[in-house]
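The block underneath contains the structure these notes are about, expressed in structure tokens.
Values quoted throughout were computed directly from the atomic coordinates according to the rules given, and no laboratory measurement underlies them. Remember, it's a predicted structure, so these values are computed and weren't measured experimentally. In this analysis, Cβ positions are derived from the backbone assuming ideal geometry, glycine residues included, and neighbour counts consider all displayed protein chains.
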Amino acid sequence: MSQLTVKDHNRDAIGFKYIYPVISRRSGGLSIGINFNTNNACNWACVYCQVPDLSIGAAPEVDLELLAKELSEFLNDVLQGDFYDRFEMEQDQRVIKDIAISGNGEPTSVKDFHAAIKVIIECVEAAKIPSDFQYVLITNGSLMHKTEVQKGLQLFNQYKGQVWFKVDSATESGRKLINQTAISTRQQRDNLMLSANLCATWVQTCVLNYSGHENDSLLSSVEQTAYLDLLEDISERAKLEGVMLYSVARPSLQAQASEISSVKEEQLEEVAEKIRLLGLQVKVSV
Ligand code: SF4
């Protein structure tokens, strides 16, 4: 049977619509991914995005019954079936590390976000996973102002869920360039505050080289100042869990791919040190 690797994030590995397995480099075990964006649509268009045929838009309506069926079946296959054997997973990786809502687009754009979170939590809790796992929502944070999203996060928080909130730039020009979004600095700040107040929130930041745009990189002083100012402001008024700094591990699937490259670990560490001076925990991965 096929073997899943850290490089293999093939969302079709088990043939389900919403559920996909990933052996997570970050977590060191099995990550159960949940994809609402079956249409590969996102409201942003990050230049490093690894979603194929990315289009601008929202997730389609989610079939809650099918979501529940797939998640329950998959959990049963992992916990009682022969999933680990079929996918030839290493013994020390045979543990569910996280249930990650992380799709081919922005997951909070799904209309029934709260209902979908409820279904996920019901299925997962019913499965009685024996290991210490983590619920994670990976989001660009741009729709935090929606009541439906906030309701979903309140529920997520009751089960110790974490939000991984994307902040690649704290300037309007930086976000326009890297994320191709016109979201304002005020809105970004408000959304991050909302998230931090609703649920345990990690800021996740991709630092990259974008050929011809060196002055807009997070390694430039203007970008760094704005970024550190945002983190300081939020952490003075709310609790942030910390910051995950990373670079581009896999090739972008967007038109800008040839202009994008990874930064060096030392460069990430330099930024990390400045964040640590604000009293925040930082995890670095290239
Ligand atoms: S927010 Fe995520 S899914 Fe959307 S374009 Fe950016 S990297 Fe891709």
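Residues whose amide H lies under 5 Å from that of residue 99, counting only those 5 or more places away or on a different chain, are 32, 134, 135, 136; hydrogens are built 1.01 Å from N in the peptide plane. Between the listed residues 145, 158, 242, the Cα displaced farthest toward the positive end of the dipole of the stretch 143-286, a dipole computed from Cβ unit charges relative to the Cα centre, is found at 158. Around residue 177, with a cut-off of 15 angstrom between Cβ atoms, what is the net charge of the other residues, counting Lys and Arg +1 and Asp and Glu -1? Net charge around residue 177: -3.
Considering only 210, 193, 57, the residue lying farthest towards the positive end of the dipole of the stretch 19-285 is 193, judged by Cα position with unit charges set on Cβ. Cα axis of helix 64-79 to longest principal axis of the chain: angle in degrees, 0 to 90, nearest 10? Tilt relative to the chain: about 80 degrees. Scalar couplings 3J(HN,Hα) for the stretch 253-266, obtained by applying the Karplus form with A = 6.51, B = -1.76, C = 1.60 to θ = phi - 60°, are 9, 9, 4, 7, 3, 5, 9, 9, 9, 6, 8, 7, 4, 4 Hz; x denotes Gly and Pro. Against the longest principal axis of the chain, how steep is helix 185-198, in degrees 0 to 90 to the nearest 10, with axes from Cα atoms? Result, in degrees: 40. Each of 184, 268, 44 was scored by the projection of its Cα onto the charge dipole of the stretch 19-285, and the greatest displacement toward the positive side belongs to 184; charges sit on the C-beta of Lys, Arg, Asp and Glu. Could you tell me which of rounded, prolate or oblate describes the stretch 68-151, using a ≥ b ≥ c as the square roots of the eigenvalues of the alpha-carbon gyration tensor, with rounded for a/c under 1.5 and, failing that, prolate when a/b is larger than b/c and oblate otherwise? It comes out prolate by the Cα gyration axes.
Cut-off 10 angstrom, C-alpha nodes, Gaussian network model of the chain. Which of 191, 35, 215 fluctuates the most? Taking springs between Cα atoms under 10 Å, the residue moving most is 215.
The Rg/Rh ratio of the stretch 104-242, with both radii computed over alpha carbons and Rh defined as the Kirkwood radius, is 1.01. Annotation: amide H-H contacts under 5 Å for residue 146 (H modelled 1.01 Å from N, sequence separation of 5 or more, or interchain): none. Given a Förster radius of 35 Å and the C-beta distance between residue 55 and residue 151 as r, what FRET efficiency does 1/(1 + (r/R0)^6) yield to the nearest 0.05? E(calc), rounded to 0.05, equals 0.80. Annotation: extensible slack from residue 257 through residue 238 equals 3.2 nm (criterion: 0.36 nm per residue apart, minus Cα-Cα distance).
Taking Cα atoms only, the orientation of helix 147-158 departs from the longest principal axis of the chain by about 70 degrees. Using alpha carbons only, how many angstrom separate the centre of the stretch 90-112 from the centre of the stretch 211-275? So the separation of the two Cα centres works out to 23 Å.
Once the convex hull of all Cα atoms in the chain is built, its volume per residue stands at 123 Å³.
Assuming charge only on the beta carbon of Lys and Arg (+1) and of Asp and Glu (-1), the dipole of the chain about its Cα centre is about 420 debye to the nearest 20.
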